[in-house]
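> Before I ask anything, here is the structure I am working with.
The values are calculated or read from the model by the stated rules, or taken from the named source; none is laboratory data. These numbers were taken from a predicted model, which means no experiment stands behind them. All Cβ positions, even for glycine, are placed from backbone atoms using ideal geometry, and neighbour counts span all protein chains on display. For accessibility, only protein heavy atoms count, side chains too; no ligands or nucleic acids. Shrake-Rupley method; radii C 1.70, N 1.55, O 1.52, S 1.80 Å.
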Amino acid sequence: MLVNGTWSENWQPVQGTDAKGGFVRQSSGFRHWITPDGSAGPSGEAGFAAEAGRYHLYVALICPWASRTLMARKIKGLDAAISVSVLSPVLGSQGWEFGGYPGSEADPFSPARHLHELYTRADPGYTGRATVPVLWDKQRGTIVNNESAEILRMLNSAFGDLARHDIDLYPEALRPEIDALNAEIYPRLNNGVYRAGFATTQEAYDEAFADVFGMLEALERRFAAGGAFLVGDAVTEADIRLFVTLVRFDAAYHGLFKCNLRRLSDYPALSAYLARMLALPGVRETVNIDHIKAGYYSIKSLNPSGIVPLGPDLPGLDPVQLTAQTGLLQSTGPASGKDMA
């Protein structure tokens, strides 16, 4: 992590633990908001107006939080307005790296080798972890925001005519139900798999394990009872937040994170829901099973040998085909003007 702007130690996945030995996630450090007119948002300072070509997303395809923002960008039709760079999925001693893996690239705006160099460019005295996603302001040369839930909402509402108007990921009438679902699913499932995988005591692991599978059972019953999406009859941010965990479950969390009571493929209604989400235009392009497995299985504390499993066989997600996706893995250096997602 960074301490007063200096990289101080090798990257470690566990950011902190509670009294029971449970995994504690760090809060995001940059919380400015893009708004239609550049006025201040719910946090941070003003000066980040929505403009085509001004902003850039740094993501890693292994990361579910980063993939939230990729999905929102695709679904809202912001490909041309917001450019993207994909980092290497393999987590080295200094965390996220640029290039060095098929489908990842050098930073198009600087000679930086590691993502943490962008953090210290934005704040020379920054202390904390350098995480993805990063929403970067090319005009001011700084980080706007690195909190995925807030970036998701910016992409939904801040860009006006630059985005699709026929899709609202956070419709006002459904906000109470969306917020309630997010508040339940995040600690039990989205973060629950990490709480299980990075638990340092049996008690903490047992609690996380129960949360994960209790939530999966509840979601299976919800979808078995009817309804194509979590809330209403169209995709919302609640679906994006759920999908990014489900699509990684059998490939990473079931084995590496010891969430092995059942596979996602053992839940018929959830499997059908996953297929519906993958069928939405642009969503499949944000998923790369090769990057997901390479990234998670590069975590030395969980997998010292570094061996990446060849399975699982995921219906509708062929690893070889996804690794070669031209729409996702073409080079997008600074001269190409193309996207990575």
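> So is A130 of a type outside the set (V, I, T), assigned to a loop (DSSP other than H, G, I, E, B), in contact (Cβ under 8 Å) with a residue 60 or more places away in the chain and in contact with a strand residue (DSSP E or B) (Cβ under 6 Å, 6 or more places away or on another chain) or not?
When the stated conditions are applied, A130 passes them.
> What do you reckon, is A324 open to solvent by 50 Å² or more (accessible area, probe 1.4 Å), modelled with pLDDT under 95 and out of contact with any helix residue (DSSP H, G or I) (no Cβ under 7 Å at 6 or more places or on another chain)?
So A324 passes the test.
> Starting from the stretch 190-203, keep only residues that are aromatic (F, W, Y), then list their pairs with residues that are buried (at least 20 other Cβ atoms within 10 Å of the Cβ) whose Cβ atoms are within a distance under 7 Å, requiring at least 6 positions of separation or different chains.
Sorted first by the residue in the stretch 190-203, then by its partner, the pairs are Y194/F23; F198/F23.
> Name the residue, out of R54, R31, that is modelled with pLDDT under 95 and either open to solvent by less than 10 Å² (accessible area, probe 1.4 Å) or farther than 13 Å from G295 by Cα (or both). Outline the logic, then answer.
On the way: R54 fails: modelled with pLDDT under 95.
Going through R54, R31 in turn, the sole match is R31.
> Working only within the stretch 62-85, note down all residues that are in contact with a strand residue (DSSP E or B) (Cβ under 6 Å, 6 or more places away or on another chain), open to solvent by less than 10 Å² (accessible area, probe 1.4 Å) and not in a helix (DSSP H, G or I).
I82, V84, S85
> Shifting gears a bit: Scan (1) open to solvent by 20 Å² or more (accessible area, probe 1.4 Å); (2) closer than 23 Å to S67 by Cα for the single condition L256 breaks and write down its number.
Condition (1) is where L256 drops out.
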